[in-house]
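See below for the structure under consideration.
The values are calculated or read from the model by the stated rules, or taken from the named source; none is laboratory data. Keep in mind that what you see is a predicted model, and the values were worked out from it rather than measured. Cβ placement follows ideal geometry from the backbone for every residue including glycine, while neighbour counts extend to all protein chains displayed.
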Amino acid sequence: MFAPIGSTEATITIYLDGRPIPARAGETIAACLLRAGVSHFRTTPASGAKRLPYCMIGHCFDCLIEIDGIGSRQACLSPVEDNMTLRIQNGAATIPGVETQ
């Protein structure tokens with residue numbers, strides 16, 4: 001149904017919670033993690049429900065993930081970069097210097 005444009009060879013590596021994942025230069029984080037079979041990208045703050053990307057165009061915010069130490073980043077809009085570190089986001093993101101109620 002869908003075919004990648006350009007190289008289908010995974011030439012770089014990203015890390016999700018310390019686990020190396022082969023990635024294709026130019027693809028989004030969301031596409032890479034879905035291809036790798038990742039079960040969820042985040043859990044919701046209210047119920048803890050597991051979430052995966054839904055729209056893949058930046059509207060739904062179900063793809064939020066921590067990228068290189070910064071939470072609530074949209075994986076569907078962010079391209080992979082060699083050696084980037086990702087973490088599953090559990091609940092609301094923490095922002096240094098900001099307290100939540």
Close pairs (7 angstrom Cβ cut-off, 6 or more residues apart or separate chains): surrounded by 17 or more Cβ atoms within 10 Å (Cβ to Cβ) in segment 72-94, in a loop (DSSP other than H, G, I, E, B) and among the β-branched types (Val, Ile, Thr) anywhere: CYS76/ILE57
Selected residue (criterion: farthest from SER78 (Cα to Cα)) from residues of segment 40-61 that are in a loop (DSSP other than H, G, I, E, B) and in contact (Cβ under 8 Å) with a residue 40 or more places away in the chain: GLY48
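Consider segment 25-41. How many of its residues are touching a Ser or Thr at 6+ places or on another chain (Cβ under 9 Å) and modelled with pLDDT of 95 or more?
3
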Cβ pairs under 9 Å, 6+ apart, first in segment 7-30 and without any contact (Cβ under 8 Å) to a residue 40 or more places away in the chain and surrounded by fewer than 13 Cβ atoms within 10 Å (Cβ to Cβ), second acidic (Asp, Glu) and in a loop (DSSP other than H, G, I, E, B): THR11/ASP82
Candidate set: segment 64-101, residues that are of a type in the set (Asp, Glu) and not in a strand (DSSP E or B); chosen: the one farthest from the chain's Cα centre (by Cα): GLU99
